[in-house]
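These notes concern the structure reproduced below.
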Amino acid sequence: MPGELLVAIKNNQGLLAMGNLIKVLGKDLENCPHFFLDFENAQPTEAETAVWNQVNAVLEEAQTVLAELQSYTGAGQEIREAIQNPGDLRLQERAWSAVCPLVAKLKRFYEFSLRLENALRSLLEALTSPPYAPTQHLEREQALAKQFAEILHFTLSFDELKMTNPAIQNDFSYYRRTISRNRINNLQLDAESEVNNEMANRMSLFYAEATPMLKTLSNATTKFVSENKTLPIEDTTDCLSTMACVCRVMLETPEYRSRFTNTETLLFCMRVMVGVIILYDHVHPVGAFAKTSKIDMKGCIKVLKDQPSTSTEGLLNALRYTTRHLNDDTTSKQIRALLQ
């Protein structure tokens, strides 16, 4: 292949690289392993099947969640009319009737985030467990690596939709105000049995986040690391940094990009790359932007900026506003300038 040398290289465990993951000799190889991973066609092996089936059930539901969120229009009109006419009982009932099914939908989204958290945990356990190193896991268990990528893709898709839909916060705020008002007046509302006060409090914290699904995954990953005392933190962060490198190389390399049969795979790669960077930044003690980071942040940001801004502005904003260490003293001025 012109301009490229594709070879199988012994990794640090002494095992040969196999299958569709190919180590590529390229820039900063010593800092960041370069792999090609087939996100489109990876199928589970027998050893992966149990975890794959569990996660797949969650990912199937994820498509329904995204479709419902995409079509979420809110009850803004009904709420405005009810607020402007507080003495009109008919308008109050109309607004309440419009908001209740929407809040039930928001509850389903929140409960799905808990299932997504469990799915992520199962994948992290599978992709970091001894005796294999994280890069070997990504090689051996490509179908699980693909599912991990799909979770990140869903997460950023969900959060982009949520951030651009103020109706979610408005509907839920109106619902909570109405419940509080009626509780003061000793009125019991039917919807309270579905979304009681405790559930409403948890949902309120979830939707108060600018990027609630990313926050869920970040917390889950941090919790996974803290609960697995015998597992070196590097096993988890190396899994994330390797995935970031996989995506960057596939986006940078025309030969790899030409292997995609679906144009959506490009956006998929970008979302996954940004998702693992954010997770890495939340879990690693010094984050993704420090010089010691195993992620080539300049390269990743450049890849995003080389794409049409319509598809990447939300992802660049995710790096600007949902990472923890961007504004640390250890972040170079050059990286900060790139994200201006």
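All of the numbers you see were taken from the coordinates with simple rules; none came from a lab. Owing to the predicted nature of the structure, the values given are computational and were not obtained by experimental measurement. Here the Cβ positions follow ideal geometry from the backbone for every residue, glycine too, while neighbour counts run over all protein chains shown.
Count the net charge of all other residues whose Cβ sits under 11 Å from the Cβ of residue 305, scoring Lys and Arg as +1 and Asp and Glu as -1. Its environment carries a net charge of 0. A Förster radius of 51 Å combined with the Cβ-Cβ distance from residue 54 to residue 317 puts the calculated FRET efficiency at roughly 0.95.
Within the listed set 229, 294, 215, the Gaussian network model of the chain (springs between alpha-carbon atoms below 10 Å) gives the highest mean-square fluctuation for 229.
Measuring spread by the Cα atoms of region 54-151 yields a radius of gyration and Dmax of 21.0, 68 Å.
The local environment of residue 142, defined by Cβ-Cβ distances under 9 Å, has a net charge of -2 under the rule Lys, Arg +1 and Asp, Glu -1.
Over all directions, the projected convex hull of the C-alpha atoms in region 34-209 averages 12.3 nm² in area. Name the shape class, rounded, prolate or oblate, that the alpha-carbon gyration tensor gives for region 219-340, where a ≥ b ≥ c are the square roots of its eigenvalues, rounded holds for a/c under 1.5, and otherwise prolate holds if a/b is larger than b/c and oblate otherwise. Oblate. Pairs from the list 105/298; 223/291; 107/223; 107/333; 105/229; 105/333 with a Cα-Cα gap above 32 Å: 105/298; 107/333; 105/229; 105/333.
The angle between the Cα long axis of helix 142-163 and the longest principal axis of the Cα atoms of the chain comes to about 40 degrees, rounded to the nearest 10.
Could you tell me which of rounded, prolate or oblate describes region 190-243, using a ≥ b ≥ c as the square roots of the eigenvalues of the alpha-carbon gyration tensor, with rounded for a/c under 1.5 and, failing that, prolate when a/b is larger than b/c and oblate otherwise?
prolate
Report the FRET efficiency, 1/(1 + (r/R0)^6), for residue 262 and residue 197, where r is their Cβ-Cβ distance and R0 is 56 Å, rounded to 0.05. The computed FRET efficiency comes out at 0.80. Residues whose amide H falls under 5 Å from that of residue 45, counting only those 5 or more places apart or on a different chain, are 143, with hydrogens built in the peptide plane. Every helix of 4 or more DSSP H residues in the chain counts as -39500 (n - 2.57), and over all residues that averages to -21000 deg cm²/dmol at 222 nm. Using R0 = 51 Å, the C-beta based FRET efficiency linking residue 305 and residue 227 works out to 0.85.
Residue 64 sits among other residues whose Cβ lies under 15 Å from its own Cβ, and their net charge, with Lys and Arg +1 and Asp and Glu -1, is -1.
Overall dimensions of the chain, expressed as equivalent-ellipsoid semi-axes from the Cα gyration tensor (√(5λ), whole Å, largest first), are 42, 21, 18.
Over region 94-182, the reciprocal of the mean inverse Cα-Cα separation, the Kirkwood hydrodynamic radius, stands at 15.7 Å.
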